[in-house]
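Below is one structure, written out as structure tokens, with a few remarks after it.
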């Protein structure tokens, strides 16, 4: 979570999440450990719901949480209780949503490479819609639906060729990306889809990227999508829903503020006013990013001629974003401690993995000693979801704070679990 969502308490100025000290959480569950706030998750979802309500569009809308951002069952269960739908990209995510109490008829299935087995499972579950991303996928889905005697509900994910002004690895709306159907080809593909006996054309989908800090590209994409929707209606293909994806960014640095849900959705909702179609949105990062942090402990301080290193017990396998995107996460001490014993200086915050790219933060000015606890903030999205067992490292524990209570929502892996599915040669 962000520093703004936390507070310092007591003589030691110890950071708290809701009513619990992070130092107490570390002592109880160990480190590294992901810590989520139920209050922050609920507030983030409410911001979307309240914005839709303010525009009089809540009843015709469905907020589909993008599971890939954080797929922990407790997170999914909380959103299901709040009335969310879900955006999935694999049959594994489908199984998670159902296990967490999510309703299949509120699930949309995205992704460029759905397998035939995944299509069958999703059809069997009676999901709300498939977001189809190619002509080939449409044909395959039609054939599979026919083989089981069903009609597959589909939207085409249309690529509007709008620059989202974000990191190239998370830009999905340009014509150079692998995602979606080209805008210029979409109309004819819709016409063909409407003739297929085992396809039920339901809607249109658009998602231009992630960590969007400017509402303008999303509004531009919305305008292009609405033009296509109206052209289709004039041709006799009336769509039931318009899915405008997600992508709203979160604040990772104090000097780079992120838009509120009201500011981000507002321009799109003004364009959608008075329309009859159901509206779908697929927020991910903006619901969970600042509702979680990664708690870690300083193992070794290593002072070199050119750089000082703080080696912590978390690593790139626990939080991949810095190594993958050169992403910034604020890193703060959990408690002030004995500042007289250490002097603030710039540190490279690194993990023990055998890669030079194993870093969590560059040039962070901190007063540290070995054994200090650090909180790596804004780590609720694409943290644990992208974690791995590289270097045969067990993945971290995950906990959910709920006021004065804390729940272990994923226990730390045991080393024996890392090779439980493997075998030696006979």
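The values are calculated or read from the model by the stated rules, or taken from the named source; none is laboratory data. All values derive from a computational prediction rather than experimental measurement. Counting neighbours? That spans all protein chains shown, and the Cβs are built from the backbone with ideal geometry, glycine included.
Per-structure values
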read-out	value
Pick from the stretch 302-329, criterion in contact with a strand residue (DSSP E or B) (Cβ under 6 Å, 6 or more places away or on another chain) and surrounded by fewer than 24 Cβ atoms within 10 Å (Cβ to Cβ), ranking: nearest to residue 407 (Cα to Cα)	313
Given (1) surrounded by fewer than 24 Cβ atoms within 10 Å (Cβ to Cβ); (2) part of a loop (DSSP other than H, G, I, E, B), index of the condition residue 380 fails	(1)
Condition broken by residue 162, with the remaining ones in (1) closer than 22 Å to residue 129 by Cα; (2) at pLDDT below 90; (3) over 17 Å from the mean Cα position of the chain (by Cα); (4) buried (at least 19 other Cβ atoms within 10 Å of the Cβ) satisfied	(1)
Scan of the stretch 349-375 for residues that are in contact (Cβ under 8 Å) with a residue 40 or more places away in the chain and outside any strand (DSSP E or B), ordered by number	351, 352, 353, 357, 358, 368, 369, 370, 371, 372
Pick from the stretch 13-65, criterion in contact with a strand residue (DSSP E or B) (Cβ under 7 Å, 6 or more places away or on another chain) and part of a loop (DSSP other than H, G, I, E, B), ranking: farthest from residue 335 (Cα to Cα)	60
Test: residue 259 is surrounded by fewer than 20 Cβ atoms within 10 Å (Cβ to Cβ), outside any helix (DSSP H, G or I) and touching a helix residue (DSSP H, G or I) at 6+ places or on another chain (Cβ under 7 Å)	yes
Residue match in the stretch 264-279 (condition: farther than 15 Å from residue 60 by Cβ, surrounded by fewer than 24 Cβ atoms within 10 Å (Cβ to Cβ) and touching a strand residue (DSSP E or B) at 6+ places or on another chain (Cβ under 8 Å))	no
